[in-house]
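Asks: Before anything else, here's the structure in question.
The values are calculated or read from the model by the stated rules, or taken from the named source; none is laboratory data. None of the values given here were measured: they were computed from a predicted structure. Note that we place each Cβ from the backbone using ideal geometry, even for glycine, and neighbour counts take in every protein chain shown. Heads up: the accessible areas ignore ligands, DNA and RNA and are worked out on the full protein's heavy atoms, side chains in. Shrake-Rupley method; radii C 1.70, N 1.55, O 1.52, S 1.80 Å.
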Amino acid sequence: MMAISEILNKVLFGVSIGKIGLFFIIILFTFIIKSIFVYILDKKLTVRVKKTKSELDDLLLKAIKSPLSYLILLQGFYMAILSLQLPEKIGLFDITSIEHTIYILAISFIMLYFIFKIIDIIAYYLHNEAKKTNSILDDQLIPLIVKSLRILVVTLGILFILQNFGYNITSLIAGLGIGGLAFALAAQNTVSNLFGSITIFSDKPFQLGDWISIGDIEGTVEDLGFRTTRVRRFDQALVTVPNSQFINTGIINYSAMKKRRINFFLGIRYGTSVSKIKEVVAGIKKIIEEDEKFDHSFYMVRFTEFGAYSLNIFIYCFVKTIDWAESLTIREEFNLKIMQLMEKLGVEIAFTSQTIYLNEKMGVMK
């Protein structure tokens, strides 16, 4: 027994062999405990969780596996190092402070890793909810929310670490507040653009691919960022619009139309009889009523005015499509049918003209 005691009390690198042995025993038990933990998760809990209808428990189980495994290893190694009972200082190095610093950093990173896993679960459910909507803006808003949550978590993690290192967090936050105020005053436009992007994401006045008009800018929304929105005009020029402009300026979203309007005056020649005008009006109404491409809930065909050069029939109706090219095709067919109707009735379309009447006086000049 004395021989074993003497061996354990021998010093190696400033630490007794007994303490070194205890160090490796604790490390061994740490790996055993970790293996048991992983086995329980993989073989027991995972099987039970898969039997449930909810997907949340599966995601939570995957989220806690790695962080808790790292936490078990960290605690085991920390206890093993403490078992060595190292001196508080070795030369210029404060060993106790170094141990504490490394432990705080490691446990902070593990906590951040775990919280990031939880954020991933939140992002997963938000993406699923976004898929249920027709808006593309939801898909753009979710990465912004996830990124903001991660930045918030990292910021809080840094403050936690600094506080454990003895820094005065209150003074630091106050200093950041003053600096933030100065920065905000220097970057008012950027802040306005940020609020503009928040307005777009919350109110959803348009989405990517929509045909919009804001001020004198009209085109298709091509990209939506935190500061600016890019609109492709119909002449193919790309216009970058600051998002702050969307706060105070009205937005016309033509893509939000449920139907397209046809609105014009049909001028027929003076001299056309009343009966013919009535037949033209009735015939145009019939064309609209018999065509399923038109919205029959509301339309107007009326002889409304005596124009300078023509008798004007007001035509006001809607087609069911919102596609521009398709609406032009329908309008073309509509115009051709009106022309066929007028040819059949013998009614002529008026054109700009002037009639001059000459009053010739008969007489003999002397």
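Asks: Please identify the pairs in which a residue from the range 97-115 that is among the polar types (S, T, N, Q) has its Cβ atom under 9 Å from the Cβ atom of a residue that is assigned to a helix (DSSP H, G or I) and open to solvent by 40 Å² or more (accessible area, probe 1.4 Å), counting only partners at least 6 apart or on another chain.
Replies: Filtered contacts from the range 97-115: THR101/ASN164; SER108/ILE158; SER108/PHE160; SER108/ASN164.
Asks: Please go through the range 313-349 and give me each residue that is crowded, with 18+ Cβ neighbours inside 10 Å, more than 30 Å from ASP210 (Cβ to Cβ) and in contact with a strand residue (DSSP E or B) (Cβ under 6 Å, 6 or more places away or on another chain), ordered by number.
Replies: ILE313, VAL347
Asks: Now for a separate question. Would you confirm, using the coordinates I've provided, whether PHE93 is open to solvent by 80 Å² or more (accessible area, probe 1.4 Å) and at pLDDT 80 or above?
Replies: Answer is no for this residue.
Asks: Something else: Identify all residues within the range 280-291 that are touching a residue at least 12 places away in the same chain (Cβ under 8 Å) and either out of contact with any helix residue (DSSP H, G or I) (no Cβ under 7 Å at 6 or more places or on another chain) or open to solvent by 80 Å² or more (accessible area, probe 1.4 Å) (or both); write none if there are none.
Replies: VAL281, LYS285, ILE288, ASP291
Asks: With within 18 Å of ASN263 (Cα to Cα) and among the basic types (Lys, Arg) as the only criterion, which of LYS344, LYS337 stands out?
Replies: Only one candidate passes the filter, namely LYS337.
Asks: While we're looking at this one, here's another question. Show the residue pairs that are 6+ apart or on different chains and have beta-carbon atoms under 7 Å apart, the first residue being within the range 225-245 and within 16 Å of SER213 (Cβ to Cβ), the second being open to solvent by 60 Å² or more (accessible area, probe 1.4 Å) and β-branched (Val, Ile, Thr).
Replies: What qualifies is ARG230/THR240.
Asks: Looking only at residues that are of a type in the set (Ser, Thr, Tyr) and under 24 Å from ASP120 (Cβ atoms) in the range 42-89, which one is least open to solvent (accessible area, probe 1.4 Å)?
Replies: SER69
Asks: Turning to a different aspect of this structure: If a residue must be assigned to a strand (DSSP E or B), open to solvent by less than 50 Å² (accessible area, probe 1.4 Å) and not hydroxyl-bearing (Ser, Thr, Tyr), how many such residues does the range 206-250 contain?
Replies: Going through the range 206-250 one residue at a time, the tally reaches 9.
Asks: Here is a list: THR240, THR272. Which entry is on the phi < 0 side of the Ramachandran plot, of a type in the set (Ser, Thr, Tyr) and over 40 Å from the mean Cα position of the chain (by Cα)?
Replies: Selected residue: THR272, the only one of THR240, THR272 that is on the phi < 0 side of the Ramachandran plot, of a type in the set (Ser, Thr, Tyr) and over 40 Å from the mean Cα position of the chain (by Cα).
Asks: Out of curiosity, is THR304 over 26 Å from VAL347 (Cα atoms), of a type in the set (Ser, Thr, Tyr) and either without any contact (Cβ under 8 Å) to a residue 24 or more places away in the chain or surrounded by fewer than 16 Cβ atoms within 10 Å (Cβ to Cβ) (or both)?
Replies: In short, no.
Asks: Examine the range 254-267 for a residue that is of a type in the set (A, V, I, L, M, F, W, C), within 30 Å of SER197 (Cβ to Cβ) and touching an Asp or Glu at 6+ places or on another chain (Cβ under 8 Å), and state whether such a residue exists.
Replies: There is at least one residue in the range 254-267 that is of a type in the set (A, V, I, L, M, F, W, C), within 30 Å of SER197 (Cβ to Cβ) and touching an Asp or Glu at 6+ places or on another chain (Cβ under 8 Å).
Asks: Still on this structure, please answer the following. Any chance the range 261-278 includes a residue that's open to solvent by 80 Å² or more (accessible area, probe 1.4 Å) and assigned to a helix (DSSP H, G or I)?
Replies: yes
Asks: Residues that are part of a strand (DSSP E or B), at pLDDT below 80 and surrounded by 15 or more Cβ atoms within 10 Å (Cβ to Cβ): does the range 253-260 have at least one?
Replies: No, there is no match, as no residue in the range 253-260 is part of a strand (DSSP E or B), at pLDDT below 80 and surrounded by 15 or more Cβ atoms within 10 Å (Cβ to Cβ).
Asks: Against the condition at pLDDT 70 or above, more than 30 Å from LYS117 (Cβ to Cβ) and in contact with a Lys or Arg (Cβ under 9 Å, 6 or more places away or on another chain), how does GLY215 come out, does it pass?
Replies: Judged against the criteria, GLY215 is not a match.
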